[in-house]
Amino acid sequence: MTAQKRQTRFRSHNILRGLLAISVTLVVAAGGSAQEAETVTAAPSLTALALKLILVLTVIVIMIYLTAWIARRRWRGHTPGTGIRILAHHYVGPRKMIQLLQVGQRGLLIGVTERNISALGELNAEELLQFTSQADQPAPAPGGFAGTLRAAFSRRDQDV
């Protein structure tokens with residue numbers, strides 16, 4: 001762990017401790033003010049309401065901080081921009097689809113279901129370039145995804 005990360009973690013823990021100390025103080029102060037207000041009148045005083053409001057906001061800020069901290073820890077290894085792009089997808093049923101992925105210079109055709117991911121075919125760099133150039137056109141190309149899928153399967157059948 002670098003020194004900068006330790007410093008940031010130390011600061012955030014100090015902030016959290018400070019907010020916790022403030023909220024405990026406010027709870028004690030709000031409790032005393034509320035008891036005094038009950039002896040004088042039945043309605044709570046303005047200071048008691050203000051202290052309760054500050055307490056609730058402090059708790060909400062602490063919850064937001066903790067949620068962000070948990071999210072950072074959970075998705076620490078997730079890095080966007082890994083070099084995998086989804087070029088196209090087509091739903092073939094409920095929770096079932098076919099996707100065309102670009103991984104580097106290769107194109108992969110995969111089937112995705114609720115419980116399984118299967119490789120269906122592969123496109124070489126030339127076919128992938130042809131598909132991406134068709135996808136960049138404003139008007140849909142004739143055949144589109146279905147044509148590319150048919151070509152990939154016919155090429156696979158010829159290879160076998």
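The values are calculated or read from the model by the stated rules, or taken from the named source; none is laboratory data. Nothing here was measured: the structure is a model prediction, and the numbers come from that model. Every residue, glycine among them, receives a Cβ derived from its backbone with ideal geometry; neighbour counts consider all protein chains shown.
Points worth noting:
Here is a yes/no grid of residues against (1) out of contact with any strand residue (DSSP E or B) (no Cβ under 8 Å at 6 or more places or on another chain); (2) surrounded by 14 or more Cβ atoms within 10 Å (Cβ to Cβ):
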| site | (1), (2) |
| --- | --- |
| Met63 | yes, no |
| Arg73 | yes, no |
| Ile86 | no, no |
| Leu109 | no, yes |
| Ser118 | no, no |
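- Thr58 being at pLDDT 75 or above, under 26 Å from the mean Cα position of the chain (by Cα) and not in a strand (DSSP E or B): yes
- First in the stretch 126-141 and modelled with pLDDT under 60, second anywhere and assigned to a helix (DSSP H, G or I), Cβ under 7 Å, 6 or more apart: Ala141/Gln134
- Selection from the stretch 81-130 of residues that are within 15 Å of Ala151 (Cα to Cα) and touching a Lys or Arg at 6+ places or on another chain (Cβ under 6 Å): Gly121
- Output for the stretch 101-125, where each listed residue is in contact (Cβ under 8 Å) with a residue 24 or more places away in the chain and among the small types (Gly, Ala, Ser): Gly107, Gly121
- Subset of the stretch 98-118 [assigned to a loop (DSSP other than H, G, I, E, B) and of a type outside the set (D, E, K, R)]: Gly104, Gln105, Thr113, Asn116
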